Every structure is written in structure tokens, then in C-alpha cells.
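Written below as C-alpha cells is the structure these notes are about.
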Amino acid sequence: MNQKYVLSLTVRDRPGVLVRVAGLFARRAYNIESLSVAQTEVPGISRTTFVVTGDESSIEQVEKQLQKIINVLKVINHSEAKYVDRELMLIKVAVTSLDERTELRQIAADFRAKIVDVHQNALIFELTGDEGKVEAFIEQMRPFGIIELIRTGKVALTRSAEDPKVKKSVLAAKAA
């Protein structure tokens, strides 16, 4: 049965690494639903988070193949433990009256969205949250008229208590 998987890769910042990783997904006919790449706390190391849909055995095979790619340091399948994930969205919404502007501000406050740009005919909101929160905010904005929308890919971290590697490193740090 196909389900969504969130995979994070820790990679060296080298030209072509992302192309090789994305190519692996393409060869296995997986659509990358979400992709996010950024530097980590370690200079020269980046973290890439992919959201893909597939069956468990195929994803396990992809994980093994990812670990063989030069410059891929670590592969984490977040479905194996509890994790925290977030997306960032910017959304421009039409405003036609003062009442609408007031209503939009109230909805934004309910979702803890920030207004990052104000124009006579539109407001731009910034929202951070999990996929459900982002989707719910979009649905609240639809009746007003969404002019533009952009979302980042999902980013995820395994909860510390769930990650045995973190437990070991925390214990080692405390012992030192």
C-alpha cells in the first residue's frame, strides 16, 4: 500500500549531489511531492528533506541506494519514529473592503499568521506550521480570493527522545 514518507538526508555541499539524489527518485518513478534543502549547523553540510509516496519495501530499497551515493552522509526515514515537521507559506489575498481587511486580520491572528506586506488591494501573510495548518489556512483564504501562493518544502527533525543516536550523543556530552 502506498503512503507518504518523509526522508531526510545529510549531505556534503558538493556540486551535483542533489541531481544524483533526485535522479535516483526519478529512476524509480517516484514523484517528489516536497523538497527542501539548506545548510545545517555544520559548515559544508546540508540537509535535504523529501516527501515521496510509495510502498514500504520500495522506500527501504531507495534508502539503501541513497546511502551508497557519494557525499550522502546519513539517511533518516522519519516514519520510523515520531518527528516534528513544518512548512513555510507566503500567500497574497485580495482585499476589497475595510470589513474584509478586519476579517482577514482576525483569521490571521487565529492561525498565528503574520502580515508581511500591506497593499490597498491585497495582504501578504506568512504562515509556518504543519501541513494540516497550512491547508486549513488556505481554505479560509479561498473565499477572499487567493492572488498568489508559494510554499516551501517540508522540513523535519526526529524528536530527541525517539532518536537513539541523540540519546547516545547527549549521554556522551554529559559524561565529558
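Determine whether E41 is under 14 Å from the mean Cα position of the chain (by Cα) and either assigned to a strand (DSSP E or B) or of a type in the set (D, E, K, R) (or both). Criteria not met by E41. Exactly one residue among V134, V116 is in the same structural domain as L88 (by TED's automatic domain parsing), of a type in the set (A, V, I, L, M, F, W, C) and surrounded by fewer than 17 Cβ atoms within 10 Å (Cβ to Cβ), and that residue is V116. With respect to the conditions (1) touching a residue at least 24 places away in the same chain (Cβ under 8 Å); (2) part of a loop (DSSP other than H, G, I, E, B); (3) β-branched (V, I, T), I107 falls short on a single one, namely (2).
Conditions (1) of a type outside the set (A, V, I, L, M); (2) surrounded by fewer than 16 Cβ atoms within 10 Å (Cβ to Cβ); (3) free of Cβ contacts under 8 Å to residues at least 60 places away in the same chain; (4) not assigned by TED's automatic domain parsing to the domain that holds D130, marked per residue:
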site	(1), (2), (3), (4)
R12	yes, yes, no, yes
V19	no, yes, yes, yes
F25	yes, no, yes, yes
A29	no, yes, yes, yes
V42	no, yes, yes, yes
I45	no, yes, yes, yes
K68	yes, yes, yes, yes
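The set of residues from segment 72-85 being surrounded by fewer than 16 Cβ atoms within 10 Å (Cβ to Cβ) and either touching a His at 6+ places or on another chain (Cβ under 6 Å) or not small (G, A, S) (or both) comprises L73, K74, E80, K82, V84. Taking segment 11-34 as the range and being assigned to a strand (DSSP E or B) and in contact with a Ser or Thr (Cβ under 7 Å, 6 or more places away or on another chain) as the test, the residues that pass are V11, E33.
The values are calculated or read from the model by the stated rules, or taken from the named source; none is laboratory data. The structure displayed is predicted, hence computed values, not measured ones. Positions of Cβ are backbone-derived with ideal geometry, glycine not excepted, and every protein chain shown enters the neighbour counts.
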